Amino acid sequence: MVGVGVIASALGIAAGLLIDWFPVSASKEAKSIDTLWDVLIIFSVPVFVGVTTVVLFSVLKFRMRPGEENLDGPPIHGNTRLEVIWTAIPAIILVGLCTYAFVVLEDVEAAAPNPVKVRVVGEQFAWTFFYTGADGKEIKTASHQLHVPIDRQVQFTLQSKDVLHDFWVPAFRIKKDAVPGIDVTYSVTPNRLGAYPIVCAELCGLGHAVMRSSAVVQSQADYEKFLSGLGKPAAPAGGAGGGAAPAEDGKTVFNSSAGNCKACHTLADAGATGTIGPDLGTVLKGKDEAFIKDSIVDPNKVIAPGYQADIMPPDFGQTLTPAQVDALVKYLSDVTKGG
Ligand code: CUA
C-alpha cells in the first residue's frame, strides 16, 4: 500500500508541476500565486492519493464474502495514539499552508502609491470600463475593451448592474465577483505588454460564455494617448464651412475601443473577423439606415436568426456619442449596400 501511494503521489506531483496549466503570466502578482499553487499541489496530491489508496485497499481486503452476511466486525474501542497522530498531522499541514497563503495574499494585496483607477461594470453580458483622467475625475466615455499601463498598479472597482458576474483576466491570475449593490476592489500590476482575454467566471445567464473582452497592457505613453482619445469631446465644432462636415469617421468608430464592433462581428471592409455576433455583411445587407441604427442602440429589437437576445451590450446609445452612432450607421449602410 505504501509502495502504491508513493508511486501514485510521485506521478501526481510530476503531472501537477511539469504540465504548463496556466496561460502566460502578465502581472507582478502572478509569480507568487503560481508558486502557491505548486506548493499546494505538492501537499494535496499525497493526501488525496493516501486516502484513496487506503479506501480502495480496505474495500478489497475487508469486503463481505458469501456466508458472512450476519457476521459483525471485531469490537474496537478506539486507539488514542492513532487518533492523536491523525489529528495532529493534518492540523499542522493546514495551519502551515494557511499561514503561507495568508502571507501571499498580504503581499499580493499590498497597495502601491499612485495606482491607476478603473471602474469595471458588469452586466448581462458585457464589461464596461471607466477610467480616471489626469484631473482625478472619471472620464465620461467608457470602453468595452480594457486598457491599462504596464508596471503600474491598477486598482479595479467592480460593480454589477444586474446579477453576479466575476471579473477575471487569467493572465493576471486574480479574480473577484462583481456583486450588485456593493463595490468590490482588487489590485493588479500588469508587467507584460500585449492583449489578454477577459472572461466572466460566474455563471450569469444565457450569454455567460460570451461575456468576454480583452485587456490591453500598453506603455504609459500609449495609455495616456488612449485616455485622451476617450476624453475628447466626440463632436468638435464642425469644419470651416457651415459645420455640416461629419465629425466622426464610421470605420474608425467601428474599430475604436469605444465601439469595438470588431471584437464580436465580421465585416470584410473593416477587416473584422469576430464570430460572437452575426456577420454584418450578411445581416445588414440592403437594410436601411433606420434598421441599422436600431440594431446598434436597441440590439434586442431584431435578433438575427441563430443568435440570442441580450448578448450585444444594450448601451451603445449611451457609450457612443450621437455623432459616433450616426457615423457608424452611415458607414455600415455604405459598406453593406450590396449589388
Ligand atoms: Cu457575467 Cu458570467
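Whenever a residue of the stretch 85-111 is of a type in the set (D, E, K, R), its partners that are in a helix (DSSP H, G or I), lying with C-beta atoms within less than 8 angstrom and at least six residues away or across chains, give the pairs D107/S32.
In the set (1) modelled with pLDDT of 90 or more; (2) of a type outside the set (G, A, S); (3) open to solvent by 40 Å² or more (accessible area, probe 1.4 Å); (4) within 22 Å of N191 (Cα to Cα), the condition left unmet by T157 is number (3). In the stretch 234-269, the residue that is farthest from the chain's Cα centre (by Cα) out of those that are at pLDDT 80 or above and farther than 17 Å from V329 by Cβ is A268. Just one of the listed residues (V49, V6) is open to solvent by 40 Å² or more (accessible area, probe 1.4 Å), part of a helix (DSSP H, G or I) and of a type in the set (A, V, I, L, M), namely V6. Answer yes or no: is there a residue in the stretch 300-311 that is over 20 Å from V210 (Cα atoms) and not assigned by TED's automatic domain parsing to the domain that holds M211. No, every residue in the stretch 300-311 fails to be over 20 Å from V210 (Cα atoms) and not assigned by TED's automatic domain parsing to the domain that holds M211. Residues in the stretch 155-182 that are within 12 Å of the ligand (Cβ to nearest atom) and in a strand (DSSP E or B): L158, S160, H165, D166, F167, W168, K175, D177, A178, P180.
The number of residues in the stretch 201-213 that are buried (at least 18 other Cβ atoms within 10 Å of the Cβ) and either polar (S, T, N, Q) or closer than 12 Å to P170 by Cβ (or both) comes to 1. Hey, can you tell me all the residues within the stretch 183-215 that are in a loop (DSSP other than H, G, I, E, B) and within 16 Å of the ligand (Cβ to nearest atom)? A201, E202, L203, C204, G205, L206, G207, M211 - these are the residues of the stretch 183-215 that are in a loop (DSSP other than H, G, I, E, B) and within 16 Å of the ligand (Cβ to nearest atom). One residue stands out among those in the stretch 112-128 that are touching a residue at least 12 places away in the same chain (Cβ under 8 Å) and open to solvent by 60 Å² or more (accessible area, probe 1.4 Å): the one that is farthest from the ligand (Cβ to nearest atom), which is N114.
Only one of the numbered conditions (1) more than 16 Å from the ligand (Cβ to nearest atom); (2) under 21 Å from P23 (Cβ atoms); (3) touching an Asp or Glu at 6+ places or on another chain (Cβ under 9 Å) is violated by D151, and that is (3). Of the numbered criteria (1) of a type outside the set (D, E); (2) in a loop (DSSP other than H, G, I, E, B); (3) open to solvent by 40 Å² or more (accessible area, probe 1.4 Å), the one T141 fails is (3).
Against the list (1) free of Cβ contacts under 8 Å to residues at least 60 places away in the same chain; (2) polar (S, T, N, Q); (3) crowded, with 19+ Cβ neighbours inside 10 Å, the condition Q324 fails is (1). Could we say that R81 is open to solvent by 100 Å² or more (accessible area, probe 1.4 Å) and more than 30 Å from A142 (Cα to Cα) here? When the stated conditions are applied, R81 passes them.
I'm told C98 meets every condition in (1) touching a helix residue (DSSP H, G or I) at 6+ places or on another chain (Cβ under 9 Å); (2) open to solvent by 70 Å² or more (accessible area, probe 1.4 Å); (3) in the same structural domain as W37 (by TED's automatic domain parsing) except one. Can you identify the failing condition by its number? Condition not satisfied by C98: (1).
The values are calculated or read from the model by the stated rules, or taken from the named source; none is laboratory data. Bear in mind the structure is a predicted one, so any value in this text is a computation, not a measurement. Virtual Cβ from ideal backbone geometry, glycine too; neighbours counted across all protein chains shown. Side chains are part of the model used for accessible areas, which takes the heavy atoms of the whole protein and leaves out ligands, DNA and RNA. Shrake-Rupley method; radii C 1.70, N 1.55, O 1.52, S 1.80 Å.
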